[in-house]
Structures are given as C-alpha cells and as structure tokens.
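The values are calculated or read from the model by the stated rules, or taken from the named source; none is laboratory data. Every value quoted in this text rests on a predicted model; they were computed, and no experiment measured them. Here the Cβ is made from the backbone with ideal geometry for all residues, glycine too, and neighbour counts use every protein chain on show.
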C-alpha cells in the first residue's frame, strides 16, 4: 500500500543527456542538438534492490520521568502499541511493506526532437514513468515531462509545459546518470514536494501537537518530482571557456499534476543562475567547475487558507580528471512536511493513527547541506562518498530533528549505456534538543521520538541502469 | 617402453631446437626490417558530425586491439569542418584523451584554426598540431601510412 512516504522516498528526475551537449541541465533537457531528428525514442530502466538493516522498535517505555515534578508519567497506549513494529524509514518505499525489496524502481520511455518546418526553432520533450516510485503512488503510469521549447528570441528561450523546476543540482540532473541510488534526505524532503490536504478522524486517537503549531494532514496526489507545469524563460551565454546561464519559471505549483486541484489558485516563481568554467568536454560528464544559486517562492492552499512556501539554495560542483567534488546548502521556510506521526504503518486502534504533520506557517524553518566526492579511478570504475544532513523545525528547539547520512558508493560502467551501482548508507536520526522537553507531553513524545528515530538502520542498495 | 622414452626425448630435443632457431632468427632481424613491418594508418576527419568522430576513434581503437598497440602507428588528422572534434568543448573530449593515452596521435590543422580564429588555448590539451591537415595526410601517405576516411 502506497500510503505515507518517508524520508528516503524517491521520485524522480530525469532528462535525456545527449552526448554532445554540455553539463548544463537547461541545454540538455530543454534543447536539441543542431541537426536533431524530428523524433528520437529513448529511455531507461532501473531495477533496484534495497535491504534495510533496521528492525522493529522495542524500547518505547511505559513511563517517563516528568520534567516538571520528577513524577513517573505513563506513556499512552497509543504510542506503546508500536513496540514490535518497524518504522517506515526501515521499509522500502514506495510500498513500505518490506525491509527488503527488488523492484523496477524507474522505467521511463520517452521521445524528443525538433518540430519539422520550424527551422529547428521549436523542439519538444516527452517522458513517461512506469516504475514503482513516489511519482506513481496513485497511478501505474504518469507523464513526468511534456514540454515544447521555442528558440526564437535571442537570450530568452521559452519552454512551456510540464518540466523540471530550476532548483538544486540533485533536482535538475538526470537520474539515469546520478552517481547515487537515492537522493539526499535534504533534496528529497525539502524539494521533492509532498502535497497535503487537511485530515481529521474523530474515531481515532492521534499523537498530540506539543511543540510548534502543526496541522494534521494526508498526502494528496503524486510527489512533485522536482517538476511543475508552467513557463520557463532561460538561456546561456558563452564567453571563451566561461558560460553563464539563467532561468526563471512561473508555474502552477501542482507538481506533475496537470490540473490545479492540489493547490488551487496559487503559483510559484522559481529562478536559478549559474556560472561555469569549462575545462573540456560536453555532455552530462563535462569537466568544469560550476557555481549556482536558486530561489523558489509561492503559496500553498491548505483548507481555507494559503501559506507561504520558500526554498532556496547555493552550491558548487567540480569535475576534472575523474575527480568530482560538489556541495550544496539548502534552506526552507513554511510548509515544512514534518513526518508521518507516529512514523509507522497504521496498526489500528488503540494505537495512535499515523497522520502526516505539516508545519504550515512561514516561521517554520528547515535547512541542511551535502558534500560529495567521487573518483573515477579507472575507465569502468568509480567510488563515491557523500555526507548529507537535514535539520527540520530549526525554529523550535523541542521539535528540531536532524537526519544525517553517510553514503559510500561504487559504480561499474559496463558500457556507456549500462551501469551497476551499489550504495551503503549509514543513517542517523536524532532529537537535537532533549533538554527542551519541558512539560510532560513533550517528555513523552520526545522520548518516543528518540526511541523510534534510534531504530533507524543502515541501508544497502544495488541498482542496474540500462539506457536504451 | 625404452623405445617410447627415446622417441619422447628426441621429440623434445627437436622442438627445443626449433624454438631456439626461431628465436635466433628474430634476434638477427635488422631493426629497420622490424620497423618496416610495423603497420601505419592515418585517419581523416573533416566533417562536423560527432558520429563520424566516434567512428574514427572506434576505428583507431579497433586497429590497436587487432594488431597490438605496439605494432601500429595510428594518427588522426582533423581539419576543416571537423575541427570541433578537438575544441575544448568537444563531445568526444574524454575519448580523445583516452586515445592519446593509448598512443594514438591526434592532430589539429592550424590553417583551419586560423580561419576559425581558434588558438591553441581553445583546443583540447591532449591534441597535437600540424601546420596543414591536408599536407599532413599527403606526408603520411608518402611514408607508407594506410589512408582511411571514416
């Protein structure tokens, strides 16, 4: 059952990367090479195996010591009922039923080309998803991209339709060439948007909100997949080995949904600028050093009100002689998707019913960063190491949680179109300020959160990518 | 039994003599002869099509694999509309590096570069240069290089 999704969710991204364009995702995803055919069929498949080392939770106590008077305070049955059950982050998404799973994680066929008779000034890009991931949580197949680009105005190319947002680097790059199997928790949780709607159920009990104000919600529609329907104006300018790029996108803030149902009446504005110094080459593995910054702002409808949602980031990437160094800092305000609470599949009463808590107001913040190094030490072999960290609800000491992950990876390039990747992720979730649990409710829930978060296990993933 | 053992000994001796003789012949072969036997091939790339660039690089690699990299001199001469193959933003930049690392000589025509206002700084660091691509092809053919235009 594809219900609530967790930290390591997955989704999306992709874009064809023809071999003769630079590592400029705007060029790669929105434009065709000179002389391109009216249509080119292509795509990729990524069968993926995942094994979670984490097991069931066992330590939610029967009582805690009151921070108010030192008395013994009982922990509600609704929480203790989850002892013996496995937290969502130790299950394989999007199904969240097993700790181990082999699945066709992504299967994306597409077509792209130039429209005949336009002097190559109009091109298009269409891509579908048949894999089992957060984009297909409600339907077996979805369109992830459907854009037309008009290249008539010097310095202002115009792309219209469902396509990528000009966000952070992970959100923009094609997943078929991504150096890791899973996104960082940072990009996944802050940029791969979960659309939510208000939820109430008087027939069940729920974990109380005992810190900053949060709303009970449930997921609505597919994850955003770093995409939206809208109009993007962009272009790039070359001066010797320097390349400067800008992009501004106005979009309807509904993710991959074509309708306006998830967020009626609201729009996003997203912009990114980047500068690159090209050492040599082109294509998705161009050797260069690139610095970039981006910003996204808009509103989200929740019930009868709209709430401001902001995301922004800054980062850099270096690739030369097989050595890759990259890093990015991202921060967020408003519409912070906190987590399913408790973070389990529903086991029925008397347990608390898991609901998705979201911190709506723009005073709620989150931020984090990642650092990554990769070394292609032989033509067919590469090793990768990444650290990423996400702190949610940094505006509220009691609510703040930190997720950090070390990812050790290896890649074997069997051929230019077939690649095997193996990742081992050392994961941790912590309650950052236990000293901020100053009343009985906070002590109970904070203690439970610490126990549940402490059950997170490391994760092994193996994935084959076949590009056709 | 004894007869069999004797036959084995004689056979082994004969084989040893055969190998020794062959080795001596090889050692006695003049260096010039060995050099003349070395295969040589030059490829012309003069079109602005990455498919042709990849084909030329594939051909060069296949020649080296078939004959042994030490047994063949391979040169790729790039000029005219094909000059983009050796520009810094070439689609096959990494493959050029790899080929040069494997002993393939890859050269750009400086006449073409001048016509297109390209300097050596605009080119791949692994590329070599010749004053005129066409003349280079003529010289190499005169030196006995096989000429291939993919």
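Does residue A:466 satisfy the condition of being in contact with a strand residue (DSSP E or B) (Cβ under 9 Å, 6 or more places away or on another chain), within 30 Å of residue A:42 (Cα to Cα) and surrounded by fewer than 14 Cβ atoms within 10 Å (Cβ to Cβ)? No. Within the range A:37-63, restricting attention to residues that are in contact with a helix residue (DSSP H, G or I) (Cβ under 6 Å, 6 or more places away or on another chain) and assigned to a loop (DSSP other than H, G, I, E, B), the residue that is farthest from residue A:80 (Cα to Cα) is A:54.
Scanning the range B:93-104 for residues that are more than 14 Å from chain A (Cβ to nearest Cβ) and either surrounded by 17 or more Cβ atoms within 10 Å (Cβ to Cβ) or modelled with pLDDT under 95 (or both) yields a total of 1.
Would you say residue A:208 is at pLDDT below 95, surrounded by 23 or more Cβ atoms within 10 Å (Cβ to Cβ) and part of a loop (DSSP other than H, G, I, E, B)? Taking the combined requirement at face value, the residue does not satisfy it.
Here residue A:42 meets each of (1) at pLDDT below 95; (2) closer than 30 Å to residue A:286 by Cβ with one exception, condition (1). In the range A:195-216, the residues that are without any contact (Cβ under 8 Å) to a residue 40 or more places away in the chain form Cβ pairs under 8 Å with partners that are crowded, with 16+ Cβ neighbours inside 10 Å, at six or more places apart or across chains, as follows: A:200/A:216. Set side by side, the residues A:255, A:221 differ, and just one is more than 14 Å from chain B (Cβ to nearest Cβ), outside any strand (DSSP E or B), out of contact with any strand residue (DSSP E or B) (no Cβ under 7 Å at 6 or more places or on another chain) and buried (at least 20 other Cβ atoms within 10 Å of the Cβ), which is A:221. Counting only strands (runs of 3 or more DSSP E) wholly contained in the range A:275-383, the ones carrying 3 or more residues that are surrounded by fewer than 18 Cβ atoms within 10 Å (Cβ to Cβ) and touching a strand residue (DSSP E or B) at 6+ places or on another chain (Cβ under 8 Å) occupy A:287-302, A:305-320, A:323-333, A:365-378. Scanning the range B:70-92 for residues that are within 12 Å of another protein chain (Cβ to nearest Cβ) and touching a helix residue (DSSP H, G or I) at 6+ places or on another chain (Cβ under 8 Å) yields B:85, B:86, B:87, B:88, B:90, B:91, B:92.
When residue B:132 is tested against (1) in contact with a helix residue (DSSP H, G or I) (Cβ under 6 Å, 6 or more places away or on another chain); (2) surrounded by fewer than 18 Cβ atoms within 10 Å (Cβ to Cβ); (3) within 14 Å of chain A (Cβ to nearest Cβ), just one condition goes unmet, and that condition is (3). Scanning the range A:66-93 for residues that are modelled with pLDDT of 95 or more and closer than 30 Å to residue A:422 by Cβ yields A:85, A:86, A:87, A:88, A:89, A:90, A:91, A:92.
Within the range B:107-120, the set of residues being within 14 Å of chain A (Cβ to nearest Cβ) and either free of Cβ contacts under 8 Å to residues at least 12 places away in the same chain or closer than 22 Å to residue A:378 by Cβ (or both) comprises B:117, B:119, B:120. The single residue among A:436, A:332, A:349 that is under 23 Å from the mean Cα position of the chain (by Cα) and touching a residue at least 12 places away in the same chain (Cβ under 8 Å) turns out to be A:332. Looking across the range B:60-69 at every residue that is surrounded by fewer than 16 Cβ atoms within 10 Å (Cβ to Cβ) and in contact (Cβ under 8 Å) with a residue 24 or more places away in the chain, the one that is nearest to the other protein chains (Cβ to nearest Cβ) is identified as B:69. Against the list (1) away from every other protein chain (no Cβ under 14 Å); (2) more than 20 Å from residue A:166 (Cβ to Cβ), the condition residue A:281 fails is (1). Here residue A:236 meets the list (1) surrounded by 20 or more Cβ atoms within 10 Å (Cβ to Cβ); (2) within 14 Å of chain B (Cβ to nearest Cβ) almost entirely, failing just condition (1). Would you point out the residue of the range A:66-97, among those that are assigned to a loop (DSSP other than H, G, I, E, B) and under 21 Å from the mean Cα position of the chain (by Cα), that is nearest to residue A:439 (Cα to Cα)? Checking each candidate, the answer is A:87.
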